[in-house]
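Read through the structure below, which is laid out as structure tokens, and then see the notes.
A short reminder: the numbers here are calculations on the coordinates, not readings from a lab. All values reported here derive from a predicted model rather than from experimental measurement. Every residue, glycine among them, receives a Cβ derived from its backbone with ideal geometry; neighbour counts consider all protein chains shown.
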Amino acid sequence: MDLETLRRRLGTAALSAFRVLPGRVKRALVRTGTPNYTVGAVCVLEHDGEVLFLSQPHRRGWSLPGGLLDRGETPAQAVVREVREEVGLVIDPGDPLVTGVHQRTQSVDVVFRVRLTQRPRLRLAHEARRARWWTPAQLRGADLETRQILALVRSAQGPAREGRLLGDAD
């Protein structure tokens, strides 16, 4: 028996054994053997070509309204909660504009966009020291996560690229 055949048979045996394990044991094994990522929901609030950026005590540089999901919360629920907490606005986030998985920071960002017809009055909470409207090109001093998110937003401007077959795996 060659090495590739042996590898396939061992893989099949391992998957068959995994299938009969109790659900909680399966989940524990998967969590132990896979990388942990944090998931955040962020809102790009736009008015007349400018985006709302925040200066927050726990971040270095300017950032967008948003934060990590609470247990059991959807990204849409999280972004509604975070925008309300940070700037005092109630939003309907719509559907996500783009989602990014960042291997370097082991994070996932779900990005929403809300285009405003008028500039709202903000009520900053303790999580935000200052707020400022800038075009993304004017922004200086954004933190790493915000730069990653803005790159995602720029990439989402065009139509989605369809997949295609590149060839066989061999």
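For this structure, a couple of remarks:
- Looking at V20, V25, V79, just one residue is hydrophobic (A, V, I, L, M, F, W, C) and surrounded by 15 or more Cβ atoms within 10 Å (Cβ to Cβ), and that residue is V79.
- Region 132-149, residues that are in a helix (DSSP H, G or I), in contact (Cβ under 8 Å) with a residue 24 or more places away in the chain and not acidic (D, E): L144, T146, Q148, I149
- Residues of region 115-151 that turn out to be within 22 Å of D92 (Cα to Cα), touching a helix residue (DSSP H, G or I) at 6+ places or on another chain (Cβ under 8 Å) and of a type in the set (A, V, I, L, M, F, W, C), as a count: 5
- Subset of region 13-70 (residues that are farther than 17 Å from R147 by Cβ, touching a Leu at 6+ places or on another chain (Cβ under 8 Å) and of a type in the set (F, W, Y)): F18
- Scanning region 82-105 finds no residues that are in contact with a His (Cβ under 8 Å, 6 or more places away or on another chain) and either buried (at least 17 other Cβ atoms within 10 Å of the Cβ) or closer than 22 Å to V39 by Cα (or both).
- Positions within region 38-71 being within 16 Å of the chain's Cα centre (by Cα), closer than 13 Å to A142 by Cβ and in a loop (DSSP other than H, G, I, E, B), in sequence order: L64
- For G61: the one exception among (1) surrounded by fewer than 11 Cβ atoms within 10 Å (Cβ to Cβ); (2) touching a residue at least 12 places away in the same chain (Cβ under 8 Å): (1)
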